[in-house]
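One structure is given below, encoded as structure tokens.
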Amino acid sequence: MVASIPIEASRQPTFDVVNLCVKRQHDEILKSISFSAAPGELIGLLGPSGSGKSTLMRALLGVQAITSGSVQVLQSPPGSPSLRGQIGYMAQNSAIYVDLTVEENLRYFAGVLHQPSSEVTRVAGVVALTSFSNRLVSSLSGGERTRVSLGIALLGSPPVMILDEPTVGLDPMLRRDLWRTFEDLTATGATVMVSSHVLDEAARCARLLLLRNGSILFDNSPAQLLSVAGCTSYDSAFERLIEEVK
Ligand SMILES: Nc1ncnc2c1ncn2[C@@H]1O[C@H](COP(=O)(O)OP(=O)(O)O)[C@@H](O)[C@H]1O
Ligand SMILES: [Mg+2]
């Protein structure tokens, strides 16, 4: 069971980002990014490698120094104590313990998050790892490790989920199941942001944020993307948009 979010809270934006700029040395990594997102939205953050997806996600988590602009998550500055336990995050390079089993990893993080052991069982099922519970993480494939990290992000059903490339390296069936899981989470009122450099994942999201070179190139539905670009594939629509902004 996933807890639903009170209607009162759902009137407020989950993310509110205004003119966010991030510079590293002299490089502009994010260039005046603005968007907001409401509870229940499934947002695909898509863009090629190096476009700034992970940097934007880190800014939402409060672990990225920002140069200017403002970022609010659930009406609080990222990293605020009030956001503790409210955000499930899956990093692109997962930080799980390879010398522990799948279940030991989930139990460890459930303990950190003060979650009951029933949550360990639940999330193992969601990421289809129940039969792998006693396997050492060091013996798992890359895709299986990704699922362990995703399971950790799902512990406690947080109202905000920030998932950095959770479907990369997974087989198509599992990828489809995971996108269904993301949709189910949003149906309970959670806001889920999922990044991917695979533009075809676009069709799965109700809303797309396309990033390129640190700027938002497009923010609307997948159907709108194909219609605006006059294309039938997301790759060619993306290329068409890039041509237009040159
Ligand atoms: N630690 C770092 N130091 C300098 N530049 C970095 C660092 N991390 C990322 N970058 C640069 O920031 C840009 C955006 O990176 P990132 O947010 O990881 O993109 P994405 O997740 O879309 O692949 C890239 O040009 C990358 O080279
Ligand atoms: Mg990244």
Residue check, residue 102 within 16 Å of the chain's Cα centre (by Cα) and more than 16 Å from ligand 2 (Cβ to nearest atom): no
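Go through 69, 85, 52, 79 for me and flag whichever is within 15 Å of the chain's Cα centre (by Cα) and on the phi > 0 side of the Ramachandran plot.
Working: 69 fails: within 15 Å of the chain's Cα centre (by Cα); 85 fails: within 15 Å of the chain's Cα centre (by Cα); 79 fails: within 15 Å of the chain's Cα centre (by Cα).
Within the list 69, 85, 52, 79, the selection yields 52.
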Filter result (touching a residue at least 24 places away in the same chain (Cβ under 8 Å), over 21 Å from residue 197 (Cβ atoms) and assigned to a strand (DSSP E or B)) within the range 26-54: 32, 34
Pair list, Cβ under 7 Å, 6 or more apart: the range 166-186 residue under 13 Å from residue 126 (Cα atoms), other residue in a helix (DSSP H, G or I): 179/204; 181/126
Filter result for residue 54 (within 16 Å of ligand 2 (Cβ to nearest atom) and not acidic (Asp, Glu)): yes
Residue in the range 160-172 that is farther than 23 Å from residue 14 by Cα, hydrophobic (A, V, I, L, M, F, W, C) and within 16 Å of ligand 1 (Cβ to nearest atom) present: yes
Count - residues of the range 64-90 that are without any contact (Cβ under 8 Å) to a residue 24 or more places away in the chain and surrounded by fewer than 18 Cβ atoms within 10 Å (Cβ to Cβ): 7
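Name the single residue, out of those in the range 93-148 being charged (D, E, K, R) and in contact with a strand residue (DSSP E or B) (Cβ under 8 Å, 6 or more places away or on another chain), that is farthest from residue 184 (Cα to Cα).
Restricting to residues being charged (D, E, K, R) and in contact with a strand residue (DSSP E or B) (Cβ under 8 Å, 6 or more places away or on another chain), the top hit is 99.
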Test: residue 110 is at pLDDT 95 or above, part of a helix (DSSP H, G or I), of a type in the set (A, V, I, L, M, F, W, C) and under 17 Å from residue 167 (Cα atoms): no
Residue count for the range 34-60, restricted to those that are in contact with a helix residue (DSSP H, G or I) (Cβ under 9 Å, 6 or more places away or on another chain) and within 16 Å of ligand 1 (Cβ to nearest atom): 5
Flag if residue 165 is among the charged types (D, E, K, R) and either in contact with a helix residue (DSSP H, G or I) (Cβ under 7 Å, 6 or more places away or on another chain) or more than 24 Å from residue 43 (Cα to Cα) (or both): no
The range 203-220 residues that are under 20 Å from residue 167 (Cβ atoms) and away from ligand 2 (no atom under 16 Å from the Cβ), paired with ones that are part of a helix (DSSP H, G or I) and hydroxyl-bearing (Ser, Thr, Tyr) (beta carbon under 9 Å, 6 or more apart): 203/234; 206/186; 208/234
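The values are calculated or read from the model by the stated rules, or taken from the named source; none is laboratory data. For clarity, every value in this text was computed on a predicted model and none was experimentally measured. Virtual Cβ from ideal backbone geometry, glycine too; neighbours counted across all protein chains shown.
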